[in-house]
Amino acid sequence: MKHLLYISILVTVFIIAACSGHSFRSSLLVADSLSSANPQFAVSMLDSMRAEMASAPEHERMFYRLLCIKAADKAYIQHKSDTLILPLIEYYEKHGDKKLLAETYYYAGSVYRDMNDAPMALDYFQKALDVMPKDADLRLRSNTCYQMGELFLYQYFYDEAVKMYLEAYHYDSINKDIVAAVYCLEALGYTYNKKKLKDSSLVYYNKACSLARKNNDKKLEKSVLWQMTSFYIEHKEYEKAKGCLFPLLYSDTININARYAMASDIYMNTKQYDSAKYYCNILVETGSVYAKQNASRKLVEIYLKEGRYDEMIKSLCLYEQYRDSVNNITATESVVRMNAIYNYQIREKENLKLRIENSHRLVVIILISVFCCICILLFVFYSRRAIQKRLRLELQIQILKRIEKERNEHSSEYIKENNKKIRLLEEQLNTANHKTKELMSQLMEQKADLLFANEKAEREIKRRDFIAERLLNSNAYKLTRSKLEQSKNITKKEWDEIDICVNDIVEVFKTRLYSLYPISDQEYRMCLLIRLGFGIREIASLLNRSTGAMSLARKRLYIKMFGKEGYAVDIDEFVKSL
């Protein structure tokens, strides 16, 4: 293959030498041919010739400068100044070989394209097309049209972009340049999508994919599939997007983070949050600042849905950090972004520059306004959530204290403690004969209060025993026991009957539970069974869970209600005391 390449280069050199109006040294002609085949080598070769070109004739010096710009452009080295190209334009317009004028105009357009001066770039690309002879290089024609299409596209002139892409595709088809043709079809698919013409966009994407496969070019096919994945995600056709993305998800390491970002989009929108979280965490670790911002935003949403508020806050902090970085980058890019729109027919460059600057300013203002609104909404949302959570926690603590006080005042231990106090008061009364009547009255009053409290506690204990007996003889208990013995599931209707029955016997049972924490239906059913007096194994069987799972569920419920660690039996005692 190397021998064939060198032979083709030598043949090209002789053809150029024979057709050119001026004779050039062979090293320049070889560098010209290498600029397309191996641009990096051509750049190095031209650098090594710099000293000898200082004393070369003018036509060779100018050709050498043109080749330096050409090789740099082919090697994707960005042009930062027009100081090299301007003398070339003047020379080839007045004195130089007219056959090189079209190429000079083309690379002038490339220079101004890199300098983000769209009007000047489009002007020189059009001049290149205007001066090209009919028998000119089809690849140069195609490249010129394609570059104009790109500039029109990013200035939102979609109709003009389509026109130039179609013209480029026409020349590529004649020249049988499959790779360039696929890129043109891909660009047409993207542009039609921007025009909101989904069907036309899909036609060109499929045509590009088919042509790449026909040419057996895997790299080219991956490029098209990449674009199609983005297309399907935009149109919320996630299964199709998955079909395009996953064959190339781990095929190589090029653009792997962008593929992970697409995968996270797909999983996020199909509510597969664990998979989305996996790719988001990778992007937060290895992605660009844009990918990290987008991934941390998704993690905020995922952790919010999961109720993992500590992780959500961490992700929110990361999001704000990356958002600031993106804003700084965006501000920088806005300064260097193309600052004019080129009107192909009228070419009023200065007026159009002002228009595009104003439109960019408006876009920036709109984006900033939207961003500020989002930030304010997020702040309000999380502030309200925090306030609600704090108020709910305070109310929960108050209710727990009241229930705990009632439990203590209605226990046998409370009665025993009061009896000790009564005996102590009686001793004080026996020894208080010589003291004032006021003291005697206070002691008697205290004794009466304690006797009344004991009487009230005894009544409450008897009431609880009576409730427990009623629950054991209730229809709810009999129904549940029957289901347990028959190893059958309790239906929703039967659960409703059990709920009504228990709350008829134990007043405000459900109300008290839900006042502490908005428990789930499964947790409430577990509490109903505990209150009916069933053991842990029986409850596990009735709820189709393992005993280990039930123990864990009881511990978790205790944490939810009391805000601290506890044992499974603690929640049993609490529920039975209601």
Dividing the mean separation of Cα pairs under 8 Å (6+ apart) by the residue count of the range 474-578 yields a relative contact order in percent of 25 percent
Surpassing 27 Å at the alpha-carbon level, of the pairs LYS456/LYS576; LYS483/LYS560; LYS80/LYS196; LYS74/LYS98, are LYS483/LYS560; LYS80/LYS196
Quick note, the range 181-257: a/c under 1.5 would make it rounded; otherwise a/b > b/c is prolate and the rest oblate (a ≥ b ≥ c, C-alpha gyration tensor); here it is oblate
Lys and Arg at +1, Asp and Glu at -1: neighbours of CYS280 with Cβ under 11 Å from its Cβ sum to 0
Distance in Å, no decimals, from the C-alpha centre of the range 516-565 to the one of the range 282-297 is 40 Å
For the range 478-510 the GluC sites (Glu not before Pro) that pass both the DSSP coil test and the at-most-10 other-Cβ-within-10 Å test are none
Rg/Rh over Cα atoms for the range 99-170, Kirkwood Rh, comes to 0.95
Note on the range 474-578: alpha-carbon gyration tensor, axes a ≥ b ≥ c; rule is a/c under 1.5 for rounded, else prolate if a/b larger than b/c, else oblate; result oblate
Most packed first (mean Cβ within 10 Å per residue), the peptides 188-197, 275-284 order as 275-284, 188-197
Neighbours of ALA549 by Cβ distance under 15 Å: Lys/Arg at +1, Asp/Glu at -1, summed charge +4
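A short reminder: the numbers here are calculations on the coordinates, not readings from a lab. Given the structure is predicted, the values throughout are model-derived calculations rather than measurements. For neighbour counting, all protein chains shown are included, and Cβ atoms are generated from backbone atoms with ideal geometry for every residue, glycine included.
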